[in-house]
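Engineer: Pasting in a structure now, in structure tokens, and then I'll have a few things to ask.
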Number of protein chains: 2
Amino acid sequence: MRLATLRNGTPDGVLVVVSPDGTACAPAPVPTLQQALEQWAAVAPALGAISAFPLPLDPDRLAAPLPRAWQWLDGSAYASHGALMDKVLGVTPVKTDLPLMYQGVSDTFYGPHDDVRMPDETLGIDFEGEFGVIVDAVPMGTTAAAALAHIRLVVQINDWSLRALAGPEMKTGFGWVQAKPPCSMAPFAVTPDELGDQWRDGRVCLDLLVDWNGRRFGAANGEPMGHGFHELVAHAARTRDLVAGTVIGSGTVSNPNFREIGSSCIAERRGIEVVDTGEARTAFMRFGDRVRMEGRMADGRAPFGAIDQQVVRA
Amino acid sequence: MRLATLRNGTPDGVLVVVSPDGTACAPAPVPTLQQALEQWAAVAPALGAISAFPLPLDPDRLAAPLPRAWQWLDGSAYASHGALMDKVLGVTPVKTDLPLMYQGVSDTFYGPHDDVRMPDETLGIDFEGEFGVIVDAVPMGTTAAAALAHIRLVVQINDWSLRALAGPEMKTGFGWVQAKPPCSMAPFAVTPDELGDQWRDGRVCLDLLVDWNGRRFGAANGEPMGHGFHELVAHAARTRDLVAGTVIGSGTVSNPNFREIGSSCIAERRGIEVVDTGEARTAFMRFGDRVRMEGRMADGRAPFGAIDQQVVRA
């Protein structure tokens, strides 16, 4: 089952169920995805039973599947990315075996084709291609094994970042606020079964194709997370209940062979350049730049649809 | 004008306007505080015009004035507190002239008398007495001077903290997630004019009386913030729009003469003990412990009412 949200002038939009070919949709029996998640056990069967899709899906009306959420917690679960980022940001964080996670702004998720407003080109505007999950209500203290059943939907995210602010904010110990403006989401939130055996061990084992201004920039696979999403959910729920609709991200998708397959963010490439040549050569994004991101199954399908948007001056 | 929210079985409760003596209330012309904040210019005059308070205010029905918010950003604006905390947490963060700020869980604010659920007594359960503000919509890039007019309400907050987790999370650079469970709010959100000249330069110049298990623990005044709330709001809005209903906290209220007047959190007292005697002697909270917090005007009034609640095992 694939779900999308169409703009209707309200902050949460209107929920639709998307046809298998992604070109049509049907109204959902609840108005919003947030409401569906709050009563998932009751609503999901009705959503899944829909087999007629009478309405054409207008790409221009697509909002993020969850246009705002009560909570957004982002991990950094790819070790090959983390090591490079420490280099490029100039930080030497203490090592931990626990998942890394910060809380980010959740009152806005950009739709897949929205212009992304940034205040200043000199702040190191960067994309971060990620996968994410949306949970129903998760009680405090839920184990990783039990958390798997709370993962109701999988999404694809661009975690916009301002790199010039990221290092200084890390060094305060308080984490990121200014360095992390709102994220974007790809058109469709999908149930894990849509990913077949490419959803395994709490990991989204798809290639994430990232194109910057029409050129392939990265094609990392989501599999090698150091902690699976169920472990990230359990980490988040250790000392708090998670409300239905909480979104949890993987952090930038990265593979150890990034020199061959590329990266899901500019900062990682810059880190490689620093390691290889002593200096970062790839500049960050400029106003007017576009980024496209599409998770691809082994059979070529793109279950989340594509993020394809440009950066503009706020 | 003082506003409160009564439980009615919904997550956002129902908004009421509170009588000057705090014992009675009147229904508001909008259902929730969130909705009032989204249309503040239109709603505030109607709220302020209410002068008859036909309903007794039942303390047992009090929720947090804003029971959940789209965003909670907490500062650390008292220098005397920050220096001690670095010692007690064993961190040496890089100094900055910018405000310190992290994003915390906002989907739940405990009501003033709610039991506070904690998973484990060994995690260093601590209170943090703070003041906070609630803004209407603040556009990205708003200056500190312009931010002052967006501060629509002032609140009093207990930012619950788990100190055993705080230092390790700071050292990752990602900031706090597990160390910061949901906060509590005192009964009444008040317009700045309710504080008279004790609201000045974006600061809540009230004594915050903190009692732990019936004993006075602290009585710091809110005035000596290194950055005023308007500066915290501008900091938060540098790279994002703030949606109406965003809550921004001061961080633990602290004064340089903390040896005489006490502290608004246990960790600060422990820091003093470390400095003075080489070791922390005051233990953190136990299940069943109570904390009471009440901001007091020079004339003795308590405009926010009091937080008075106990910690229980989750």
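Engineer: Suppose we keep only residues that are among the β-branched types (Val, Ile, Thr) and either touching a residue at least 60 places away in the same chain (Cβ under 8 Å) or touching a Ser or Thr at 6+ places or on another chain (Cβ under 8 Å) (or both) within the range A:78-97. Which one would you say is nearest to the other protein chains (Cβ to nearest Cβ)?
Structural biologist: A:94
Engineer: For residues that are assigned to a loop (DSSP other than H, G, I, E, B) and buried (at least 21 other Cβ atoms within 10 Å of the Cβ), tally how many sit in the range A:93-104. Talk me through it step by step, then tell me what you get.
Structural biologist: Start the filter on the range A:93-104 by keeping residues that are assigned to a loop (DSSP other than H, G, I, E, B), which leaves A:93-100.
From what's left, buried (at least 21 other Cβ atoms within 10 Å of the Cβ): A:99-100.
Selection size over the range A:93-104: 2.
Engineer: I would also like to ask the following. Output the number of residues of the range A:105-130 satisfying the condition of being buried (at least 22 other Cβ atoms within 10 Å of the Cβ), part of a loop (DSSP other than H, G, I, E, B) and either away from every other protein chain (no Cβ under 13 Å) or over 20 Å from the mean Cα position of the chain (by Cα) (or both).
Structural biologist: 4
Engineer: Suppose we keep only residues that are within 18 Å of the chain's Cα centre (by Cα) and of a type outside the set (S, T, N, Q) within the range A:263-290. Which one would you say is nearest to residue A:212 (Cα to Cα)?
Structural biologist: Going residue by residue through the range A:263-290, those that are within 18 Å of the chain's Cα centre (by Cα) are A:263-268, A:290.
From what is left, the residues that are of a type outside the set (S, T, N, Q) are A:265-268, A:290.
Working: A:265: 10, A:266: 10, A:267: 13, A:268: 14, A:290: 6 Å.
Looking at the filtered set, the residue picked out is A:290.
A quick yes/no check of all residues on (1) in contact (Cβ under 8 Å) with a residue 40 or more places away in the chain; (2) outside the structural domain of residue B:155 (by TED's automatic domain parsing); (3) closer than 24 Å to residue B:190 by Cα:
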residue	(1), (2), (3)
B:230	yes, no, yes
B:245	yes, no, yes
B:254	yes, no, yes
B:261	yes, no, no
B:267	yes, no, no
B:278	no, no, no
B:282	no, no, no
B:288	no, no, no
B:296	yes, no, yes
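Engineer: Continuing with the same structure: Among the residues of the range B:17-35, which ones are touching a residue at least 24 places away in the same chain (Cβ under 8 Å), over 16 Å from residue B:109 (Cβ atoms) and out of contact with any Phe, Trp or Tyr (no Cβ under 9 Å at 6 or more places or on another chain)? Write out each step before concluding.
Structural biologist: Of the residues in the range B:17-35, the ones touching a residue at least 24 places away in the same chain (Cβ under 8 Å) are B:17-19, B:22-28, B:32-34.
In the following step, the residues that additionally are over 16 Å from residue B:109 (Cβ atoms) were identified as B:17-19, B:22-28.
The answer is B:27, B:28.
Engineer: Looking at the range B:68-92, which of the residues that are of a type in the set (Gly, Ala, Ser) and either over 15 Å from residue B:128 (Cβ atoms) or not assigned by TED's automatic domain parsing to the domain that holds residue B:278 (or both) is surrounded by the fewest Cβ atoms within 10 Å (Cβ to Cβ)? Steps first, answer last, please.
Structural biologist: Step one: of the range B:68-92, the residues of a type in the set (Gly, Ala, Ser) are B:69, B:75-77, B:79-80, B:82-83, B:90.
Going one step further and asking which of them are either over 15 Å from residue B:128 (Cβ atoms) or not assigned by TED's automatic domain parsing to the domain that holds residue B:278 (or both), we end up with B:69, B:79, B:83, B:90.
Values: B:69: 26, B:79: 13, B:83: 14, B:90: 11.
Among them, the one singled out is B:90.
Engineer: Another question about this same structure. Collect the residues in the range B:163-209 that are at positive phi, away from chain A (no Cβ under 14 Å) and in a loop (DSSP other than H, G, I, E, B), keeping them in residue-number order. Spell out how you get there, then give the answer.
Structural biologist: First, the residues of the range B:163-209 that are at positive phi: B:173, B:175, B:196, B:201-202.
When the remaining residues are screened for being away from chain A (no Cβ under 14 Å), the result is B:196, B:201-202.
B:201, B:202 - these are the residues of the range B:163-209 that are at positive phi, away from chain A (no Cβ under 14 Å) and in a loop (DSSP other than H, G, I, E, B).
Engineer: Where in the range A:210-314 are there strands (runs of 3 or more DSSP E), lying wholly inside it, with at least 3 residues that are surrounded by fewer than 16 Cβ atoms within 10 Å (Cβ to Cβ) and at pLDDT below 95?
Structural biologist: On the way: elements: A:215-221, A:247-249, A:290-296, A:306-313.
Qualifying strands (runs of 3 or more DSSP E): none found.
Engineer: Another question about this same structure. Suppose we filter A:42, A:63, A:46 for residues that are more than 22 Å from residue B:35 (Cβ to Cβ) and surrounded by 12 or more Cβ atoms within 10 Å (Cβ to Cβ); which single one remains? Step through it out loud before you land on a result.
Structural biologist: Numbers: A:42 fails: surrounded by 12 or more Cβ atoms within 10 Å (Cβ to Cβ); A:63 fails: more than 22 Å from residue B:35 (Cβ to Cβ).
Of the residues listed, the single one that is more than 22 Å from residue B:35 (Cβ to Cβ) and surrounded by 12 or more Cβ atoms within 10 Å (Cβ to Cβ) is A:46.
Engineer: So which of B:108, B:10, B:23, B:92 ends up being among the hydroxyl-bearing types (Ser, Thr, Tyr) and under 17 Å from residue B:155 (Cα atoms)? Talk me through it step by step, then tell me what you get.
Structural biologist: Values: B:10 fails: under 17 Å from residue B:155 (Cα atoms); B:23 fails: under 17 Å from residue B:155 (Cα atoms); B:92 fails: under 17 Å from residue B:155 (Cα atoms).
Result of the check over B:108, B:10, B:23, B:92: B:108.
Residue-wise test of (1) within 14 Å of chain B (Cβ to nearest Cβ); (2) without any contact (Cβ under 8 Å) to a residue 40 or more places away in the chain; (3) in contact with a helix residue (DSSP H, G or I) (Cβ under 7 Å, 6 or more places away or on another chain); (4) of a type in the set (Val, Ile, Thr).
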position: A:8; (1), (2), (3), (4): no, yes, no, no
position: A:49; (1), (2), (3), (4): no, yes, no, no
position: A:54; (1), (2), (3), (4): no, yes, no, no
position: A:59; (1), (2), (3), (4): no, no, no, no
position: A:76; (1), (2), (3), (4): yes, no, yes, no
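Engineer: Please verify whether the range A:132-147 includes one or more residues that are in contact with a helix residue (DSSP H, G or I) (Cβ under 8 Å, 6 or more places away or on another chain), over 14 Å from residue A:251 (Cβ atoms) and at pLDDT below 95.
Structural biologist: Looking for residues that are in contact with a helix residue (DSSP H, G or I) (Cβ under 8 Å, 6 or more places away or on another chain), over 14 Å from residue A:251 (Cβ atoms) and at pLDDT below 95, one finds none in the range A:132-147, hence no.
Engineer: Additional query: Please tell me if residue A:242 is under 28 Å from residue A:14 (Cβ atoms), in contact with a helix residue (DSSP H, G or I) (Cβ under 9 Å, 6 or more places away or on another chain) and among the aliphatic types (A, V, I, L, M). So that I can check it myself, show each step before the final result.
Structural biologist: Values: under 28 Å from residue A:14 (Cβ atoms): yes; in contact with a helix residue (DSSP H, G or I) (Cβ under 9 Å, 6 or more places away or on another chain): yes; among the aliphatic types (A, V, I, L, M): yes.
In short, yes.
The values are calculated or read from the model by the stated rules, or taken from the named source; none is laboratory data. Note that the coordinates shown come from a computational prediction; the quantities given were computed from them, not determined experimentally. Neighbour counts run over all protein chains shown; Cβ positions are idealised from the backbone, glycine included.
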